[in-house]
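The values are calculated or read from the model by the stated rules, or taken from the named source; none is laboratory data. Quantities reported herein were computed from a predicted structural model and do not represent experimental measurements. All Cβ positions, even for glycine, are placed from backbone atoms using ideal geometry, and neighbour counts span all protein chains on display.
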Amino acid sequence: MSSHRSLNPSRHEAVAERILLVIAGLFVVVNLAALNILRGVGSQDWTPILVWIAAAAGGHLVLERRLPNHDPLLFPLVMMLSGFGIAVIDRLAPVFADRQAAWLLLSTAALVFSAAWPTVLRLLRDYRYLLFFGGLGLLLASFVFGVNPSGQPGAPTLWLGAFGLYFQPAEILKIVLVAFLASYLAEQFPLLSSARANRALEGSFLSPRLIGPVLLMWGICLLVLIWQRDLGAALVFFLVFLLLLYAASGRLLVLVAGGVLIVAAGVLAYSTFPVVTQRVDIWIDPWSRAEGSAYQIVQSLIAVSAGGAFGQGIGQGSPAYVPVVHSDAVYAAVAEEWGLLGAAFIVLMLLVLVARGLRVGIRLTDRPFSALLSTGLTLVIGVQSLLILGGVMRLIPLTGITLPFVSYGGSSLLVSFVMVGVLLRLSAEDPYAI
Amino acid sequence: MDAELILFGLRVASAVLIVVFACVIGWLLVRELRAAAAEHQVQRRSFGSLVVMFDVDSKMVPTGKRFPLLPTTSLGRSPTNTIPVDDNFASSVHATITRRSDQWWLEDRRSRNGTTLNGIPVEKPAIITHGDIIGIGKMRYMIELMEN
């Protein structure tokens, strides 16, 4: 029975992918139809849904042709989440909807390109030093030339702008950094695994070759935190790095030591950087500052509670009270208009996405670079989702990062899609091929 | 009035679609798990296993730990082996067991301390059968073949 299945395994999976994409498409159509009914005749806009359908259909067809053995869940999951995103953005900030749709088209093209052709994976593998230092250079450039597209004085300047387009170098750095770490750790893998096999080799684990990058990463994160006041990006970088080092070495010591470093940095940052002090204070007690610094978190909590079990329906709630609701706090809007059902659905789908991504890595354990790369890319998505979801729900202090695939933001969407594209490519690799 | 009804219908449809999407995902995951479990069963059933043995007063007693016997099984200290051997006398890739034309061959991979078959050092590839005991360092493994 199993040999029969492996003769033509892609058939069922292509059908599964198509079914999921059709359901996702119906979901987007239903929601945007409701939105257009609410808007009435004259101000209707069907562009986002047409763009979504084009992206989903095109992506599916090219993946089917060029990469028949890919994971059938990853692409539909990503399209469902970004369809959700398009619907939310069209509802919250209609002026941005067409722009986001254009980014979606570009991102899907990038996903398909990095999945169906080996170029991106090869680039990440062969030019890691160049890419890594290029990424660092861009980040440094944003320290100096950074701007904030909203133009508010005092807002964090995380963007680099050119010809009316803006992007965040920190986003590009995510993927480049993971590739760099994956190949570095893959090279050190014999040392790591021998240290694991032989407990007597305690000392080799603390050699500068392994401790060096830890300190380097810690330094980069602190730099990001100090110069850019970008708490979210700093946390994502460090957590992903820590978990990746743990995945490569299998040593609990890594997590313990990293936890101590994080707590130390946290305590230090709390007493040194006003931005961190404020975030933590807001988290502990938002209600006494509800009209001031805690306005965003209080409004998003109110929005979540207004949603109830099934939500107000798209366009029928009032999530616009939440500041930057289309970007960082998008989850509050989802919870208000789709209720517990929609909110739980997003968490569940991100969870499945992370599980599938980790599965890609587990299948490829014989190839350290591929395994660590897919684990790292998955962790970026997972950690980022966890931080922003927890932040909006006041489980942890709020850090200003985007919810992958759902939030408004071109560079975030593009980079997330490229990461999934690479995951798709790795998911199609045969772990037993030589 | 009428628009309100349509809007309500669309809300219900949106909720139903969410649930359906999640259910299809769940169903696909379950199906895949079942297939993987079935494949695992087939693999285990068709060949056999290596039973880890324990030397008590020169009598071999199974420890209860066993590894599946694969068409190419490698034994050694490195954790990348199909059967990692936790013994200081084992080399990183110590020995391999391969299936060639319906027979199982044991081969020493030029290990530092050698491999034994029923107590005799293995110099060149040897055919092994049910009940044979492979020795690496202090570890002993008994071959248990399944007859089809």
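Within the range A:321-341, the set of residues being under 16 Å from A:Pro404 (Cα atoms), within 13 Å of another protein chain (Cβ to nearest Cβ) and surrounded by fewer than 24 Cβ atoms within 10 Å (Cβ to Cβ) is empty.
Of all positions in the range A:111-124, none carries a residue that is under 21 Å from A:Asp230 (Cβ atoms) and in a helix (DSSP H, G or I). Please determine whether any residue of the range B:80-87 is in a strand (DSSP E or B), without any contact (Cβ under 8 Å) to a residue 60 or more places away in the chain and surrounded by fewer than 14 Cβ atoms within 10 Å (Cβ to Cβ). Within the range B:80-87, none of the residues are in a strand (DSSP E or B), without any contact (Cβ under 8 Å) to a residue 60 or more places away in the chain and surrounded by fewer than 14 Cβ atoms within 10 Å (Cβ to Cβ).
Please determine whether any residue of the range B:29-36 is at the interface with another protein chain (Cβ under 9 Å from one of its Cβ atoms) and within 30 Å of A:Phe310 (Cα to Cα). Yes - at least one qualifying residue is present in the range B:29-36.
Residue selection: A:Ser374 satisfies the criterion of being over 17 Å from B:Ala22 (Cα atoms), touching a residue at least 40 places away in the same chain (Cβ under 8 Å) and in a helix (DSSP H, G or I). Residue check: is A:Tyr270 modelled with pLDDT of 85 or more, away from chain B (no Cβ under 14 Å) and within 26 Å of A:Phe96 (Cβ to Cβ)? No, not satisfied. Going through (1) part of a helix (DSSP H, G or I); (2) in contact (Cβ under 8 Å) with a residue 24 or more places away in the chain; (3) surrounded by fewer than 24 Cβ atoms within 10 Å (Cβ to Cβ) one by one, A:Asp366 falls short only on (1).
Only residues that are more than 16 Å from B:Asp86 (Cα to Cα) and modelled with pLDDT of 85 or more were counted across the range B:52-68, and they come to 0. Could you tell me whether the range A:203-212 includes any residue that is modelled with pLDDT under 70, part of a helix (DSSP H, G or I), in contact with a Lys or Arg (Cβ under 8 Å, 6 or more places away or on another chain) and on the phi < 0 side of the Ramachandran plot? Yes; the residues of the range A:203-212 include at least one that is modelled with pLDDT under 70, part of a helix (DSSP H, G or I), in contact with a Lys or Arg (Cβ under 8 Å, 6 or more places away or on another chain) and on the phi < 0 side of the Ramachandran plot.
No other residue among A:Val15, A:Val41 is loosely packed, with under 14 Cβ neighbours inside 10 Å and modelled with pLDDT under 85 apart from A:Val41. Of everything in the range A:283-320 that is without any contact (Cβ under 8 Å) to a residue 40 or more places away in the chain and within 14 Å of chain B (Cβ to nearest Cβ), the residue that is nearest to A:Ile388 (Cα to Cα) is A:Gly307. Within the option set B:Glu123, B:Glu107, being acidic (Asp, Glu) and exposed (fewer than 14 other Cβ atoms within 10 Å of the Cβ) holds for one residue only, B:Glu123. Within the range B:96-105, one or more residues are out of contact with any strand residue (DSSP E or B) (no Cβ under 7 Å at 6 or more places or on another chain), more than 9 Å from every other protein chain (Cβ to nearest Cβ) and part of a strand (DSSP E or B).
Applying the condition of being hydroxyl-bearing (Ser, Thr, Tyr) and assigned to a helix (DSSP H, G or I) to the range A:293-339 and asking which residue is nearest to the chain's Cα centre (by Cα) yields A:Tyr331.
Here B:Gly135 passes the criteria (1) part of a strand (DSSP E or B); (2) within 18 Å of the chain's Cα centre (by Cα) except the one numbered (2). On inspection, A:Leu50 qualifies as of a type outside the set (D, E, K, R), surrounded by fewer than 15 Cβ atoms within 10 Å (Cβ to Cβ), modelled with pLDDT of 85 or more and part of a helix (DSSP H, G or I). Among the residues here, B:Arg112 qualifies as at pLDDT below 90, exposed (fewer than 11 other Cβ atoms within 10 Å of the Cβ), in contact with a Ser or Thr (Cβ under 7 Å, 6 or more places away or on another chain) and away from chain A (no Cβ under 12 Å). Scan the range A:382-390 and give yes if some residue there is without any contact (Cβ under 8 Å) to a residue 40 or more places away in the chain, out of contact with any His (no Cβ under 7 Å at 6 or more places or on another chain) and either within 28 Å of A:Arg66 (Cβ to Cβ) or of a type in the set (Ser, Thr, Tyr) (or both), otherwise no. Yes, because at least one residue in the range A:382-390 is without any contact (Cβ under 8 Å) to a residue 40 or more places away in the chain, out of contact with any His (no Cβ under 7 Å at 6 or more places or on another chain) and either within 28 Å of A:Arg66 (Cβ to Cβ) or of a type in the set (Ser, Thr, Tyr) (or both). Check whether at least one residue in the range A:359-376 is modelled with pLDDT of 90 or more, touching a helix residue (DSSP H, G or I) at 6+ places or on another chain (Cβ under 6 Å) and under 27 Å from A:Ala303 (Cα atoms), and report yes or no. Checking the range A:359-376: not a single residue is modelled with pLDDT of 90 or more, touching a helix residue (DSSP H, G or I) at 6+ places or on another chain (Cβ under 6 Å) and under 27 Å from A:Ala303 (Cα atoms).
Which one of B:Ser92, B:Ser14 is under 30 Å from A:Phe345 (Cα atoms) and facing another protein chain (nearest Cβ under 9 Å)? Residue meeting the stated conditions: B:Ser14.
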